[in-house]
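Reading through the structure tokens given below for one structure.
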């Protein structure tokens, strides 16, 4: 029934969800601090997973809703006077789908930045939870110039960094990253931020290594149509080299063909 609910109703639902999330996170952290029984651990884990998946789903739905509205501009709406606009909004700033999307994204990042990893069994990777939480991130990366949004710029890399470092998400992330860099290079700064945080804040090289493996296995067809893709990938490798030269040196034989081909393109142009 999402499409049938007015924006004010959606806004109220988001506010309630965020309040529930803040309350649960506070209680879960308190219980983790004093010690959890097995039943308590499962209880709080299930609640946090449910709240996280709700926020993740809302992020995608609100973003799709905003995108659909943005593309619907064939017939421009008639201009309205200041009084008419104030009457519609009650004199207050209007709530939009993208502001609700950003609230949910920040709420999701707040969950993950909290000390909740002890709720999971350390010997098991919760693939369902990882997929649920990372899905909106990869959805947003495909939105043109989303990296310019300050909430996305802060929250999206944080979510992916935690998923890679704490939940062993490097392999799947590398596949998603390569596709994003090839097709949506305007947002590659978000991916570089993830790499930077992993290498500097966590000394975690897992994503960098998986990315280089994926780059080496990717077949960049040397055609005019693929020149932009190869150029973007070469630039991405250079950015990675700035972050961790040692990793690049250990894989230089595998990536030299791509870099050499791109150098040739520069010389021809």
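A few comments on the model shown:
- Among the numbered conditions (1) more than 26 Å from residue 101 (Cα to Cα); (2) surrounded by fewer than 16 Cβ atoms within 10 Å (Cβ to Cβ); (3) in contact with a helix residue (DSSP H, G or I) (Cβ under 6 Å, 6 or more places away or on another chain), the only one that residue 189 does not meet is (1).
- Among the residues making up the range 93-135, a single one is free of Cβ contacts under 8 Å to residues at least 12 places away in the same chain, closer than 19 Å to residue 8 by Cα and surrounded by 14 or more Cβ atoms within 10 Å (Cβ to Cβ): 99.
- Segments classed as helices (runs of 4 or more DSSP H), wholly inside the range 71-149, with at least 2 members that are modelled with pLDDT under 95 and farther than 27 Å from residue 179 by Cα: 82-89
- Checking each residue in the range 210-230 for being buried (at least 17 other Cβ atoms within 10 Å of the Cβ) and at pLDDT 65 or above picks out 210, 211, 212, 214, 215, 229, 230.
- Residues in the range 150-168 that are within 21 Å of residue 233 (Cβ to Cβ) and either free of Cβ contacts under 8 Å to residues at least 40 places away in the same chain or outside any helix (DSSP H, G or I) (or both): 160 alone.
- Qualifying positions in the range 46-68 - touching a helix residue (DSSP H, G or I) at 6+ places or on another chain (Cβ under 7 Å), modelled with pLDDT under 95 and surrounded by fewer than 19 Cβ atoms within 10 Å (Cβ to Cβ): 66
The values are calculated or read from the model by the stated rules, or taken from the named source; none is laboratory data. Keep in mind that what you see is a predicted model, and the values were worked out from it rather than measured. With ideal geometry, Cβ positions are generated from the backbone for all residues, glycine too; neighbour counts draw on all protein chains shown.
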